[in-house]
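Written out below as structure tokens is the structure these notes cover.
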Amino acid sequence: MNKNEVVVLVPHYNDTSGLIISLQSIDASENVDVLVVDDGSCYNKIDEEELKDHFKANGKMIFLYQEKNKGIEHALNLGLEYILKCDYRFVARLDSGDKCLSKRFNIQSKYLKNNPKIKLVGSNVIVNDTKGNLLYKIILPTDSLLIKNRMYITSTIIHPTIMFDKEIIKEVGFYPINYKAAEDYAFYFKILKKYDFSNINEFLLEKELSPNSISVQKRKLQAYNRLKVILDNFYFGYYPIFGLIRNFILLIVPNKILIFIKRVMK
């Protein structure tokens, strides 16, 4: 039986320095376990004892390994398969290099307990460059209907901020594997058909925008597969139509221009 109700799912690939940063950011008072799933790293391989030294919260670290690099969606699903066999109540997400702010997991688990109709919750995000300079802030809607409607336009839940009730996995299944770089977006659409979402109106995550991140390296692939998700969940209305137009624009506009626009609007 697990001591803690919350497990933090962290996929890892060739980024132990980023993983250490993330572990160090978890407040020492938090009652969480951390499940690291290595996606077939070929260098910067995991040293379990070293990582445990950087984890100061009240919980344990668990490590799973894929023999070959299959992609983040496969790493996440391997983690969820393991979690389903355990008696955790909530599953949280965190990416290597991202920093938790405040007592993030305590805040989110309390919110879910106090709002039983909400089954998945995210938060606002601070986005910095690799030197720690502020690029922009992401402030997201808190109303479930607004989150669901705007999901067609852009992701109104930031993946590494989420915490959700483990029971929803039994109903909707795992991350889809046929939407590369947009597995989180497709996952949300599976959930929003059955459950309510929310965002806590606090900055609970600090995210680094690196040239090596999936959102930068695979932006066009992400936009293409988001278009597929929208089409697969399409109805004739304002939000899906506007979402198709927006994501088509993202396919053709250079990333530097998009970052500049976000910085101007921060």
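For segment 74-92, which residues satisfy the criterion of being out of contact with any Phe, Trp or Tyr (no Cβ under 7 Å at 6 or more places or on another chain) and more than 12 Å from E167 (Cβ to Cβ)?
Result: H74, A75, L78, G79, E81, Y82, K85, C86.
Pairs under 7 Å by beta carbon, first residue in contact (Cβ under 8 Å) with a residue 40 or more places away in the chain in segment 94-105, partner of a type in the set (F, W, Y), six or more apart or different chains?
L101/F203
Specify the residue that is nearest to Y65 (Cα to Cα); the eligible residues are those in segment 1-24 that are out of contact with any strand residue (DSSP E or B) (no Cβ under 9 Å at 6 or more places or on another chain) and of a type in the set (S, T, Y).
T16
Restricting attention to segment 25-55, which residues are within 25 Å of K85 (Cα to Cα), among the aliphatic types (A, V, I, L, M) and out of contact with any strand residue (DSSP E or B) (no Cβ under 6 Å at 6 or more places or on another chain)?
L51
Quickly run through segment 1-60 and pick out the residues that are among the β-branched types (V, I, T), in contact with a helix residue (DSSP H, G or I) (Cβ under 6 Å, 6 or more places away or on another chain) and either surrounded by fewer than 21 Cβ atoms within 10 Å (Cβ to Cβ) or free of Cβ contacts under 8 Å to residues at least 60 places away in the same chain (or both).
Of everything in segment 1-60, those that are among the β-branched types (V, I, T), in contact with a helix residue (DSSP H, G or I) (Cβ under 6 Å, 6 or more places away or on another chain) and either surrounded by fewer than 21 Cβ atoms within 10 Å (Cβ to Cβ) or free of Cβ contacts under 8 Å to residues at least 60 places away in the same chain (or both) turn out to be I20, V37.
Being over 23 Å from E30 (Cα atoms) and either among the basic types (K, R) or at pLDDT below 95 (or both) is the requirement here; does K56 meet it?
no
Would you check if I147 is within 26 Å of I21 (Cα to Cα), in contact with a Ser or Thr (Cβ under 9 Å, 6 or more places away or on another chain) and crowded, with 18+ Cβ neighbours inside 10 Å?
For I147, the condition - within 26 Å of I21 (Cα to Cα), in contact with a Ser or Thr (Cβ under 9 Å, 6 or more places away or on another chain) and crowded, with 18+ Cβ neighbours inside 10 Å - is not met.
Do we have any residue at all in segment 15-30 that's part of a loop (DSSP other than H, G, I, E, B), more than 25 Å from L101 (Cβ to Cβ) and modelled with pLDDT under 95?
Scanning segment 15-30 turns up no residue that is part of a loop (DSSP other than H, G, I, E, B), more than 25 Å from L101 (Cβ to Cβ) and modelled with pLDDT under 95.
Quick one: is L146 closer than 28 Å to L231 by Cβ, over 13 Å from the mean Cα position of the chain (by Cα) and without any contact (Cβ under 8 Å) to a residue 12 or more places away in the chain?
Yes, satisfied.
Could you pull out every one of the helices (runs of 4 or more DSSP H) wholly within segment 151-266 that has 1 or more residues that are within 21 Å of the chain's Cα centre (by Cα), within 30 Å of N4 (Cβ to Cβ) and modelled with pLDDT of 95 or more?
167-172, 183-192
The values are calculated or read from the model by the stated rules, or taken from the named source; none is laboratory data. It should be emphasised that the depicted structure is a prediction, and the values quoted were computed from it without experimental measurement. Cβ: placed from backbone, ideal geometry, glycine included. Neighbour counts: every protein chain shown.
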